[in-house]
Each structure stands twice: as structure tokens, then as C-alpha cells.
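To start, the structure itself, in C-alpha cells.
Laboratory data are not the source of any read-out in this text; all were calculated from the coordinates shown. Only a predicted model underlies this, so the values are computations on that prediction, with no experimental measurement involved. Please note: Cβ atoms are built from the backbone with ideal geometry, for glycine as well, and neighbour counts cover all protein chains shown.
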Amino acid sequence: MSRLAGKVALVTGGNAGIGEAIAKTFVREGAAVAITGRRPEELDRVVREIGPHIGRVIAIAGSVTDDGHARAAVARVIQQFGVLDILINNAGIGEFGRRLHELDDATWARVLDINLTGVFRMTRAAVPEMLKRGRGAIVNISSIASLVGIPCLSVYAASKGALDALTRTIAIDYAKDGIRCNVVNPGLIATPMAAPLMANPEQLDPILAHYPIRRLGKPEEVADMVLYLASDEAAWVTGGTFTIDGGMTVW
Ligand code: NDP
């Protein structure tokens with residue numbers, strides 16, 4: 001199948017976890033994909049695994065905290081592939097295990113800078129290219145932490161809650177321009193971010209007890225949902241919040 005044939009996508013944080021699965025799924029479905037992230041060696045690994053010979057994947061090292069990187073990444077995509085159809089704002093960091101009064105200002109600012117302001121920067125850089133052609137699809141990767149209360153996640157939950165709200169505004173502001181924007185809210189997914197938890201059954205088991213489908217999600221399962229939202233199959237879908245959580249938030 002080629003559900004993204006001819007499309008060009010930019011996936012932030014495409015060198016690990018959910019972003020890596022999205023990049024691989026998109027290439028399989030016919031898209032040209034640019035991946036970003038701070039660690040060049042992990043970017044190179046993903047490009048190698050996809051197969052550099054197919055000529056439809058490039059890596060751009062940098063941080064979403066750097067507006068120069070955001071603009072340069074979009075410019076590189078245009079230089080390489082000519083257009084930008086899809087932006088996946090996936091890059092993010094966790095901040096788990098501490099209550100609010102235990103957080104310092106630097107931690108609070110860092111999480112918001114990456115998880116929220118990073119999306120602002122990347123989207124601001126990408127939208128003009130989408131406006132030029134009157135089409136585009138943006139998918140933001142949020143979390144169920146924006147939808148239900150989870151202990152010791154204050155700044156992470158705040159960053160993702162704001163991301164959900166931002167998604168709705170982007171959807172409304174650009175609908176008339178042919179640009180759609182949706183947000184995906186995963187539950188616990190088996191990625192490097194969740195690795196410390198996965199290595200500790202005493203912590204993991206009580207968490208999984210909150211999941212009707214009693215296992216972690218797979219990055220590829222999130223990628224399949226993102227694939228739908230990024231594709232033309234979702235042409236009438238914008239501003240939506242899409243949970244993928246093994247039923248956790250409806251228990
Ligand atoms: P990982 O830690 O496995 O991967 C995070 C990715 O983000 C990496 O590619 C990392 O690359 C990149 N990244 C982090 N900071 C920056 C930055 N400043 N600039 C550019 N890239 C950055 O996490 P997941 O794959 O699990 O998470 C992906 C998204 O999914 C995140 O937004 C996360 O909040 C969300 N999510 C994850 C869940 C889970 O249980 N795993 C559940 C719900 C949501 P590098 O380090 O090289 O910069």
C-alpha cells in the first residue's frame with residue numbers, strides 16, 4: 001500500500017521511539033521523510049535502517065528549542081524534496097516522579113521549551129510552505145496526561161494540555177487554507193522514554209492495572225494512527241483529539 005505516495009513529511013524526534021516508528025511507517029507508505037533530533041548517531045542509525053539507497057529519507061540534526069534549526073530544517077526539506085506536506089511534532093521529553101513543589105524553574109522551563117514552544121517554532125517555520133500550496137497536515141503528539149490526572153506529572157501534563165489547546169486553534173486558524181491539525185494522545189508506549197519504568201515491574205504493574213488492555217502500547221500502533229491523520233483519508237478531520245491508550249482513559 002502507498003497511502004502517502006508522493007507526500008513529503010518532517011518528523012521531529014524521528015531518531016527514537018514513536019518518531020522513529022512514524023518515520024519508518026511513512027517511508028513504507030511512499031512518503032519522503034526528513035527526521036530531526038539532537039543525537040546525530042541515532043539519526044544515522046534510522047537512516048541506515050530505512051535504507052539510504054531509496055533516497056527518500058534525510059536526517060537533520062538539531063533541537064526544537066533552536067528557532068534557527070526549525071527554519072533550517074524546513075528549508076532543507078524544501079531544498080531536497082521541493083515541498084512540505086506533513087509536519088509531525090513528536091519531539092518531547094518526560095519529567096516524571098516529582099511533585100510540583102519539588103521542581104525548579106529550570107526544569108519547568110526546559111519541559112515547556114521542548115514539548116510546547118518547540119511545537120510553536122516548528123509549526124511557525126512549516127506553515128508558510130503549506131500556505132503557498134494551500135494544503136498541509138500537522139499531527140501533534142501529546143499524551144493522555146493532558147486528559148486525566150496522573151500523579152507527579154505536573155509540568156509534563158501542563159505542556160501536553162497546552163499542546164491540545166494549541167492544536168484546536170491551529171486547526172481553526174488554517175482550515176480555510178487547506179491545512180489540517182490534529183493531536184494524538186498516547187498512553188504508556190514501549191519506547192526509550194518508558195524504559196526505566198519497563199525495567200521496574202514493581203512500578204510498572206500498578207500502572208498497567210489501570211489499562212483495560214493490560215500491556216504497553218507499541219510505537220508502531222501510534223504510527224498507524226498518525227498515518228491515518230496525516231493522509232488524505234482524513235481530509236475532513238481537523239482539530240481532533242485522538243486517544244490511543246488501551247482503554248485507560250475510559251475505564
Ligand atoms: P523517546 O525518548 O523515545 O524519544 C524522544 C524523541 O524526541 C527522540 O527522538 C529525541 O531525540 C527527540 N527529542 C527530545 N528532545 C528534543 C529536542 N530538544 N529537539 C529535538 N528532538 C528532541 O520518547 P517517545 O518516543 O516515547 O516520545 C515521543 C513523543 O511521544 C513525546 O512527545 C512524548 O511526550 C510522547 N508520548 C510518549 C509516551 C510514552 O509512553 N513513551 C506516552 C505519551 C506520549 P534526541 O534525544 O536525539 O534529541
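Here residue 128 meets the list (1) surrounded by fewer than 17 Cβ atoms within 10 Å (Cβ to Cβ); (2) of a type outside the set (Val, Ile, Thr); (3) under 16 Å from the mean Cα position of the chain (by Cα) almost entirely, failing just condition (3). Within region 133-144, residues that are under 11 Å from residue 119 (Cα atoms) have Cβ atoms under 6 Å from residues that are more than 14 Å from the ligand (Cβ to nearest atom) in these pairs: 138/181; 139/182; 139/229; 139/230, counting only partners at least 6 apart in sequence or on another chain. Taking the conditions exactly as written (touching a Pro at 6+ places or on another chain (Cβ under 9 Å), buried (at least 22 other Cβ atoms within 10 Å of the Cβ) and not in a loop (DSSP other than H, G, I, E, B)), does residue 226 satisfy them or not? Against the criterion (touching a Pro at 6+ places or on another chain (Cβ under 9 Å), buried (at least 22 other Cβ atoms within 10 Å of the Cβ) and not in a loop (DSSP other than H, G, I, E, B)), residue 226 does not qualify. The C-beta contact set for region 88-101 (first residue more than 29 Å from residue 225 (Cα to Cα), second residue assigned to a helix (DSSP H, G or I), distance under 6 angstrom, 6+ apart or interchain) comprises 100/154. Kindly list the number of the only condition in (1) within 15 Å of the chain's Cα centre (by Cα); (2) small (Gly, Ala, Ser); (3) more than 22 Å from residue 74 (Cα to Cα) that fails for residue 137. Against the list (1) within 15 Å of the chain's Cα centre (by Cα); (2) small (Gly, Ala, Ser); (3) more than 22 Å from residue 74 (Cα to Cα), residue 137 comes up short only on (3). Can you report the number of residues in region 171-211 which are more than 10 Å from the ligand (Cβ to nearest atom) and touching a residue at least 60 places away in the same chain (Cβ under 8 Å)? Of the residues in that region, 4 qualify. From the list 149, 161, 118, the lone residue that is more than 11 Å from the ligand (Cβ to nearest atom) and part of a helix (DSSP H, G or I) is 161.
Which of the strands (runs of 3 or more DSSP E) contained wholly in region 1-66 include at least 3 residues that are more than 16 Å from the chain's Cα centre (by Cα), among the aliphatic types (A, V, I, L, M) and away from the ligand (no atom under 11 Å from the Cβ)? Reasoning before the result, please.
Values: elements: 8-11, 32-37, 57-61.
Counting at least 3 such residues, we get no strands (runs of 3 or more DSSP E) at all.
Any residue in region 60-72 that is among the polar types (S, T, N, Q), touching a residue at least 12 places away in the same chain (Cβ under 8 Å) and more than 26 Å from residue 188 (Cβ to Cβ)?
Here is the first cut: in region 60-72, the ones among the polar types (S, T, N, Q) are 63, 65.
Checking which are touching a residue at least 12 places away in the same chain (Cβ under 8 Å) leaves us with 63, 65.
Going one step further and asking which of them are more than 26 Å from residue 188 (Cβ to Cβ), we end up with none.
Within region 60-72 (the criterion being among the polar types (S, T, N, Q), touching a residue at least 12 places away in the same chain (Cβ under 8 Å) and more than 26 Å from residue 188 (Cβ to Cβ)), the answer is no, since none of the residues qualifies.
Report yes if residue 151 is surrounded by fewer than 18 Cβ atoms within 10 Å (Cβ to Cβ) and within 18 Å of residue 250 (Cα to Cα), otherwise no. Criteria met by residue 151.
This table checks each residue for (1) among the polar types (S, T, N, Q); (2) in contact with a Pro (Cβ under 9 Å, 6 or more places away or on another chain).
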residue: 14; (1), (2): no, no
residue: 32; (1), (2): no, no
residue: 43; (1), (2): no, no
residue: 50; (1), (2): no, no
residue: 59; (1), (2): no, yes
residue: 77; (1), (2): no, no
residue: 81; (1), (2): no, no
residue: 90; (1), (2): yes, no
residue: 107; (1), (2): yes, no
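For region 67-78, the tally of residues that are away from the ligand (no atom under 15 Å from the Cβ) and either more than 12 Å from residue 8 (Cα to Cα) or in a loop (DSSP other than H, G, I, E, B) (or both) stands at 1.
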